[in-house]
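Here's the structure we're looking at; comments come further down.
The values are calculated or read from the model by the stated rules, or taken from the named source; none is laboratory data. Computed from a prediction, not measured in an experiment: that's the story for all the values here. FYI the Cβ positions are ideal-geometry reconstructions off the backbone, even for glycines, and counts take in every protein chain you see. When the accessible area is computed, the model is the full protein with side chains, heavy atoms only, and any ligands, DNA or RNA have been set aside. Shrake-Rupley method; radii C 1.70, N 1.55, O 1.52, S 1.80 Å.
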Amino acid sequence: EAGVAQSPRYKIIEKRQSVAFWCNPISGHATLYWYQQILGQGPKLLIQFQNNGVVDDSQLPKDRFSAERLKGVDSTLKIQPAKLEDSAVYLCASSFSTGSYEQYFGPGTRLTVT
Amino acid sequence: GQQVMQIPQYQHVQEGEDFTTYCNSSTTLSNIQWYKQRPGGHPVFLIQLVKSGEVKKQKRLTFQFGEAKKNSSLHITATQTTDVGTYFCAGPGNNDMRFGAGTRLTVKP
């Protein structure tokens, strides 16, 4: 079974630039999550999708972050414009459905904003 | 949403020593999950506990869920260098699982 795919793996940008991350979840998983993990901290949920609908985006900084999952499969997360404090690993995860199902994480995208 | 607190933040042990990390909540949890993240890697699901007082074992790892379902622990017997990483507990949020800050384990050979 293929795991969660993410790209790119690494990205370095200057502040005020834009960046986009892509995630392809495990086939058949209805729920997709985007997390931000700052070095030394636990994953912080940014947004959660159930199919192509948003379940929770309460911790997404909507003035600069946006995400979509138009066809209910793969998803993109965008930051525009980036700030220095956005430097982190952005993890995508998927699960069979919402709630307390096991989450499968992708390898993450390490973003450095200079 | 529900917040879970983990202690200690860091733990450094000699290979062969035991290790325990604790996860605490101020409210009752319907369930709790544990994940391991190797250095430079991504979190990997270890186990889910659901029942009050539940104890589950995976080789040298023992997971416990408290009787009041407000705390949980992960105990590793006779640590090995392969146990290095950060161990996270996660408790239910509104529609998802919310992660603790993790306990980072280092093992000296």
Query raised in the report: Hey, does region A:20-34 have a residue that's of a type in the set (A, V, I, L, M), open to solvent by 60 Å² or more (accessible area, probe 1.4 Å) and over 19 Å from A:Leu60 (Cβ atoms)?
Result: no
Query - Given (1) free of Cβ contacts under 8 Å to residues at least 40 places away in the same chain; (2) open to solvent by less than 30 Å² (accessible area, probe 1.4 Å); (3) within 11 Å of the chain's Cα centre (by Cα), number of the condition A:Ser66 does not satisfy - result: (2)
**Report entry** Lone qualifier among A:Leu111, A:Leu32 - being touching a Lys or Arg at 6+ places or on another chain (Cβ under 9 Å), farther than 24 Å from B:Trp34 by Cβ and more than 8 Å from chain B (Cβ to nearest Cβ)
**Finding:** A:Leu111
Query - Segments classed as strands (runs of 3 or more DSSP E), wholly inside chain A, with at least 1 members that are among the small types (Gly, Ala, Ser) - result: A:5-7, A:19-24, A:53-56, A:65-68, A:75-79, A:88-95
Query raised in the report: Filtering region B:94-109 down to residues that are surrounded by fewer than 18 Cβ atoms within 10 Å (Cβ to Cβ) and over 21 Å from A:Gln48 (Cα atoms), which residue is farthest from the other protein chains (Cβ to nearest Cβ)?
Result: B:Pro109
Query raised in the report: Which residues, counting only those in region A:47-56, are more than 11 Å from every other protein chain (Cβ to nearest Cβ) and open to solvent by 40 Å² or more (accessible area, probe 1.4 Å)?
Result: A:Asn51, A:Asn52
Query raised in the report: Pick from B:Gly41, B:Gly91: which is touching a Cys at 6+ places or on another chain (Cβ under 8 Å) and within 11 Å of chain A (Cβ to nearest Cβ)?
Result: B:Gly91
